[in-house]
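None of the figures in this text is laboratory data; all of them are computed from the coordinates on show. Since we're looking at a predicted model, the values are computed, not measured. In this analysis, Cβ positions are derived from the backbone assuming ideal geometry, glycine residues included, and neighbour counts consider all displayed protein chains.
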Amino acid sequence: MPLKCNLKIKNRIATLAMIMVLCLMAYSITERQFRNILREMNISIRIQIDKATQRPMAKWVYILFSRVRQIDEITDSHIVSQILNTNDELCEIARLPDTNIKK
């Protein structure tokens with residue numbers, strides 16, 4: 001079901017435009033930081049066409065992780081977590097350090 005927005009007032013149009021700009025800025029920053037980490041550590045990841053690259057689009061990284069699921073089971077009064085649908089490549093990407101935090 002599509003989201004209905006009342007955009008008849010100019011302030012609402014400007015607000016929506018600002019939100020879109022902020023979302024694109026966050027997306028761009030995420031992509032740039034991820035690419036910098038890959039370049040610094042000399043790591044490549046596989047993209048859609050089975051080609052290795054150090055400059056993947058953030059969208060592709062999100063798609064790779066979209067299939068990963070966490071299942072929490074309650075057994076004998078404690079919670080057991082399981083991570084499903086992972087592979088070595090996803091585990092390697094998840095272990096990449098955020099070098100900007102260390103600086």
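So the values come out like this:
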read-out: Index of the failed condition, ARG69 passing every other in (1) among the charged types (D, E, K, R); (2) without any contact (Cβ under 8 Å) to a residue 12 or more places away in the chain; (3) surrounded by 10 or more Cβ atoms within 10 Å (Cβ to Cβ); value: (2)
read-out: The stretch 11-36 residues that are farther than 12 Å from ALA58 by Cα, paired with ones that are not small (Gly, Ala, Ser) (beta carbon under 8 Å, 6 or more apart); value: ARG12/CYS5; ARG12/ASN6; ILE13/LEU7; LEU16/CYS5; LEU16/LEU7; ASN36/THR99
read-out: Subset tally (residues that are touching a residue at least 12 places away in the same chain (Cβ under 8 Å) and farther than 22 Å from LEU24 by Cβ) for the stretch 43-60; value: 4
read-out: Residues satisfying the stated conditions in the stretch 27-60, i.e. of a type in the set (Val, Ile, Thr) and not in a loop (DSSP other than H, G, I, E, B); value: ILE29, THR30, ILE37, ILE45, THR53
read-out: Exclusive hit being without any contact (Cβ under 8 Å) to a residue 60 or more places away in the chain and assigned to a helix (DSSP H, G or I), set ILE74, ILE63; value: ILE63
read-out: Every residue from the stretch 17-40 that is among the aliphatic types (A, V, I, L, M) and exposed (fewer than 13 other Cβ atoms within 10 Å of the Cβ); value: ALA17, MET18, ILE19, MET20, VAL21, LEU22, LEU24, MET25, ALA26, ILE29
